[in-house]
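Let me begin by presenting the structure, written as C-alpha cells, before commenting on it.
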Amino acid sequence: MTGKSALPVLSVLVAVLFGSLALALALGNGSFGWPDSAVDWQIVLEIRLPRALAALATGSLLALAGTLMQVLLRNPLADPYVLGVSGGAAAFSLAGMLLALAILPIELLAFAGALVSSVIVFVLGQGSGPWSTARMLLTGVVVAAGWGALISLMLALGDDQSLRGMLFWLMGDLSYARISGWWLPGVAAITVLLMLRARSLNILAAGETQAALLGEDPRRRYTEIYVVASALTALAVSIAGTVGFVGLIVPHLMRLVVGADHRRLLPAAALFGGAFLVLADTLARNLFSPRQLPVGVLTALIGVPLFLLLLNRTGNRK
Amino acid sequence: MIESSTHEPILECRDLCVSIGGQRVVDSLDLEVSAGQSIGILGPNGVGKTTLLLALAGVRGKDAGTVSLDGRDMARLPRREIARGLGMLTQNTRFAFDASALEVALSGRHPHIGTLGRESAADIDTARKALEDVGLDALAERSCRELSGGEQRRLALATVLAQDPAVMLLDEPTNHLDPARQVAILDRLWLRVHRQRRCQVIALHDVNLATCYCTDVLMLFGDGRWEYGPTSGMLTAERLSRLFECEIRAISDQRQTVFAVAGGAGNA
C-alpha cells in the first residue's frame with residue numbers, strides 16, 4: 001500500500017503455481033516422469049491436465065471466498081466449509097439433481113444453497129447482542145452438520161452407486177472434475193474485479209461503524225460481499241464438491257506473507273489457493289497410489305489443526 | 001459556496017431526539033456548529049454523550065429530528081460525501097487484522113480518493129504528518145496490534161486527522177493518555193479549529209480540560225434535558241454540581257479556574 005511493491009511476492013506465487021501444475025502433470029501412479037509415449041501424452045493431456053486445472057480454479061475460488069467471509073466476520077476463522085456455505089451449496093445441488101431439476105444449471109442450484117446458508121449463518125449468527133465470533137462459528141458449524149445430514153439422507157434414499165457421490169458431496173473430490181478452459185480467465189477476471197474494490201474491503205474489515213465513518217455504506221457492501229462470496233463458493237462446489245478449509249488456510253498463510261491489505265492479499269490468495277489445491281490433489285492422487293484419496297481429506301487434515309491454533313490464539317487475545 | 005460561509009453552521013441539528021434502550025436521553029436538541037467552534041459535551045456516565053455523537057455522525061438511529069451537514073440533510077447524503085466533511089473518533093478502536101500504523105492512518109484518506117484510485121504521494125504525506133501530530137511517527141511501520149492502549153488511541157486519532165474533515169466529533173479523545181499527551185493532543189485539535197477554521201464536538205470527562213479547550217459547552221442531564229452556552233457562562237460550580245449531582249468547587253488562581261470535587265464531609 002505504501003510504496004511496498006507486491007510484485008516480487010506475486011511473481012514467486014505465479015512461479016509456485018506453474019511449478020505445482022508441472023508437478024501435477026508429471027506425477028502419477030506414484031511415479032514421476034516425462035511422458036514419452038502417445039498413451040502417456042494422452043494421460044497427461046486428457047486426464048491430469050483437466051483435473052489440475054479444475055483444482056486450480058476450485059482452490060482460487062475457495063481462497064477468494066474465504067478472504068471475503070473473513071472481512072464479513074472480521075475474523076480469520078471464517079471459511080465457506082466451516083460456516084456451512086459449501087454444505088448448503090452441495091445440499092441444494094444434490095436435491096436439484098435428485099428431483100430432476102436438471103434444466104437448471106447446477107451452478108445456479110449451488111448458488112441458491114450457498115446464499116440460503118450465508119443468510120442463516122450471518123443473520124442468525126449475528127443475533128441482536130454484541131458481536132460474538134463464538135456464536136457465529138457455532139451457528140456455522142451446526143448448519144454445516146445439518147447440511148451434511150441432509151446430504152447423507154438424500155444419498156441413502158437415492159440409488160446405490162452413491163459412494164463416489166458421498167465422497168464428492170461430503171468431502172470434496174476432484175477425481176472426475178472436468179472444467180472448460182474458460183474458467184481460468186474467468187477466475188482471473190473475478191480476482192481483478194475484487195482487487196479494484198480492495199481498498200473498500202480494507203475499510204470494511206475495520207468494522208461497521210468505522211467503515212461508515214470513512215465513507216462506506218456498510219449494509220450495502222456487506223450484502224454485496226455475501227452474494228459474491230456465496231457465488232464463488234457455489235462455483236467451487238459445482239466443480240469439486242465441498243472441499244474444506246482452503247478458504248481458511250490460504251488467506252491465513254498469505255496474510256503472513258503479504259500482509260492484510262486486500263490489494264495484495266486477494267491476488268496472493270487466488271494464486272496460492274490454486275497452487276495449494278493443485279499440490280494437495282497431486283498428493284492425494286499419489287500418496288497411496290493406486291488408491292486415490294479425495295482431496296478434501298488432505299485439506300481437512302491440514303485445516304483442522306490450523307483452525308484450532310487460530311481459535312486458541314484469538315481466544316487468548318481477549 | 002457563498003463568501004460569508006463562516007457564519008453558516010457546518011453541522012446543524014434540529015429537534016434531535018435520541019434514546020438508549022427506549023429511554024429518551026436527549027430531547028429536542030437544537031445545535032449549530034460553525035467554523036472556529038469547539039463544543040464540549042459534559043455529563044455523568046451513561047447520559048448519552050456517545051449516543052449523541054453517533055447520532056450526529058449519522059451512524060446511529062435517532063427518534064426524531066434532522067442533522068444537516070453544510071445545509072444538506074445528512075440522511076440523504078451518501079456516506080462517502082459525509083465522510084469528506086465529517087469525521088469521528090469513536091470510543092473503542094479494535095483492529096481485526098494486521099496493518100502498519102501508517103496503513104491505518106492512511107485509511108483516513110479513503111473518502112477523498114476515487115473508488116478505483118490509489119493513495120497519492122500527497123495522501124501518504126498527510127498520513128505521515130498525522131502520525132507525527134500524535135507522536136507516532138517513529139512507529140509508522142509498527143503493526144497496529146503491537147501498540148499499547150494509549151498508542152492505539154493516538155493512532156485512531158491520527159486516522160481522523162488524516163481524514164481532515166471540517167467537523168470532527170471526538171468521543172473522549174484523551175482516554176488512556178497521560179497528562180502531557182492529553183494536552184499535546186488537545187493543543188493540536190485546538191490549532192485545527194482556530195488556524196484552519198474547522199470545528200469540533202468533544203465528549204469529555206475532565207471538566208478542567210473543557211475550560212481550556214472548548215468555546216461552548218453542552219450539558220446533558222440524561223433525562224432528555226440539556227443546557228447549552230458559551231464555556232464561561234456554563235462552567236460554574238453551581239451548574240456543575242447540579243450536573244454531576246455532587247458538590248463541585250471552583251478554585252482560582254491568577255491564571256485559571258479549576259473545578260474539584262468537594263470530598264469527604266459534605267456527602268456522608
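The values are calculated or read from the model by the stated rules, or taken from the named source; none is laboratory data. What you see is a predicted model; the values in this text were computed from it and never measured. Glycine gets a Cβ as well: all are built from the backbone with ideal geometry, and neighbour counts include every protein chain shown.
How about the range B:136-172: which of its residues are surrounded by 21 or more Cβ atoms within 10 Å (Cβ to Cβ), closer than 18 Å to B:Leu53 by Cα and touching a Gly at 6+ places or on another chain (Cβ under 6 Å)?
B:Thr159, B:Val160, B:Gln163, B:Pro165, B:Met168
Mind checking which residues of the range A:1-25 are under 30 Å from B:Leu116 (Cβ atoms) and either more than 14 Å from chain B (Cβ to nearest Cβ) or modelled with pLDDT of 90 or more (or both)?
Within the range A:1-25, A:Leu7, A:Pro8, A:Val9, A:Leu10, A:Ser11, A:Val12, A:Leu13, A:Val14, A:Ala15, A:Val16, A:Leu17, A:Phe18 qualify.
Could you list, in sequence order, all residues of the range B:233-249 that are loosely packed, with under 15 Cβ neighbours inside 10 Å and either of a type in the set (Lys, Arg) or over 18 Å from B:His205 (Cβ atoms) (or both)?
B:Gly233, B:Thr236, B:Glu238, B:Arg242, B:Arg249
Please indicate, with yes or no, whether at least one residue in the range B:177-191 is in a loop (DSSP other than H, G, I, E, B), basic (Lys, Arg) and modelled with pLDDT under 95. Write out each step before concluding.
First, the residues of the range B:177-191 that are in a loop (DSSP other than H, G, I, E, B): B:177-178.
Still in the running and basic (Lys, Arg): none.
The answer is no, given that none of the residues of the range B:177-191 is in a loop (DSSP other than H, G, I, E, B), basic (Lys, Arg) and modelled with pLDDT under 95.
Residue pairs, Cβ under 8 Å, 6 or more apart or interchain, first in the range A:74-90 and away from chain B (no Cβ under 14 Å), second polar (S, T, N, Q) and in a loop (DSSP other than H, G, I, E, B). List them.
Pairs found: A:Tyr81/A:Thr242; A:Ser86/A:Thr242; A:Gly87/A:Thr242; A:Ala89/A:Thr242; A:Ala90/A:Thr242.
Test B:Arg181 against the criterion of being touching a residue at least 12 places away in the same chain (Cβ under 8 Å) and under 30 Å from B:Leu16 (Cβ atoms), and give yes or no. It would help to see each step written out before you state the result.
Working: touching a residue at least 12 places away in the same chain (Cβ under 8 Å): yes; under 30 Å from B:Leu16 (Cβ atoms): no.
When the stated conditions are applied, B:Arg181 does not pass them.
Let me spell it out: the conditions are (1) surrounded by fewer than 20 Cβ atoms within 10 Å (Cβ to Cβ); (2) in contact with a strand residue (DSSP E or B) (Cβ under 7 Å, 6 or more places away or on another chain); (3) at pLDDT below 95, and B:Arg60 meets all of them except one. Which number is the exception?
Only one criterion is unmet by B:Arg60, namely (2).
Only one of B:Gly135, B:Gly46 is at pLDDT below 95, in contact with a Lys or Arg (Cβ under 9 Å, 6 or more places away or on another chain) and more than 10 Å from chain A (Cβ to nearest Cβ); which?
So the residue among B:Gly135, B:Gly46 that is at pLDDT below 95, in contact with a Lys or Arg (Cβ under 9 Å, 6 or more places away or on another chain) and more than 10 Å from chain A (Cβ to nearest Cβ) is B:Gly135.
Would you mind stating whether B:Thr51 is free of Cβ contacts under 8 Å to residues at least 60 places away in the same chain, β-branched (Val, Ile, Thr) and touching a helix residue (DSSP H, G or I) at 6+ places or on another chain (Cβ under 9 Å)?
no
Kindly provide the set of residues from the range B:196-220 that are within 19 Å of B:Ile251 (Cα to Cα), over 13 Å from the mean Cα position of the chain (by Cα) and in a loop (DSSP other than H, G, I, E, B), ordered by number.
B:Asp206
Counting only residues that are of a type in the set (Gly, Ala, Ser) and buried (at least 23 other Cβ atoms within 10 Å of the Cβ), which one in the range B:45-57 is farthest from B:Glu81 (Cα to Cα)?
Result: B:Gly48.
Which residues, taken from the range A:244-259, are more than 14 Å from the chain's Cα centre (by Cα), in a helix (DSSP H, G or I) and surrounded by fewer than 24 Cβ atoms within 10 Å (Cβ to Cβ)?
If we filter the range A:244-259 for residues that are more than 14 Å from the chain's Cα centre (by Cα), which is where we start, we get A:253-259.
Filter again for in a helix (DSSP H, G or I), leaving A:253-258.
If the condition is that a residue be more than 14 Å from the chain's Cα centre (by Cα), in a helix (DSSP H, G or I) and surrounded by fewer than 24 Cβ atoms within 10 Å (Cβ to Cβ), then A:Leu253, A:Arg255, A:Leu256, A:Val257, A:Val258 are the ones that fit.
Check the range B:120-132 and report whether any residue there is at negative phi, at the interface with another protein chain (Cβ under 7 Å from one of its Cβ atoms) and of a type outside the set (Phe, Trp, Tyr).
Yes, the conditions are met somewhere in the range B:120-132.
Quick test of your reading of the structure: B:Trp190 fulfils all but one of (1) in contact with a Pro (Cβ under 8 Å, 6 or more places away or on another chain); (2) farther than 24 Å from B:Arg94 by Cβ. Name the failing condition by number.
Here B:Trp190 meets the rest and fails (1).
This table checks each residue for (1) aliphatic (A, V, I, L, M); (2) modelled with pLDDT of 95 or more.
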residue: A:Arg220; (1), (2): no, no
residue: A:Ile225; (1), (2): yes, no
residue: A:Val228; (1), (2): yes, yes
residue: A:Leu232; (1), (2): yes, yes
residue: A:Ser238; (1), (2): no, no
residue: A:Thr242; (1), (2): no, no
residue: A:Ile249; (1), (2): yes, no
residue: A:Met254; (1), (2): yes, no
residue: A:Val258; (1), (2): yes, no
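Given the criteria part of a helix (DSSP H, G or I), out of contact with any Lys or Arg (no Cβ under 6 Å at 6 or more places or on another chain), surrounded by 15 or more Cβ atoms within 10 Å (Cβ to Cβ) and not assigned by TED's automatic domain parsing to the domain that holds B:Gln182, does B:Gly108 qualify?
Judged against the criteria, B:Gly108 is a match.
Which fully enclosed helices (runs of 4 or more DSSP H) of the range A:150-229 have 1 or more residues being surrounded by fewer than 21 Cβ atoms within 10 Å (Cβ to Cβ), within 14 Å of chain B (Cβ to nearest Cβ) and in contact (Cβ under 8 Å) with a residue 40 or more places away in the chain?
Per the criteria, A:183-196, A:198-204.
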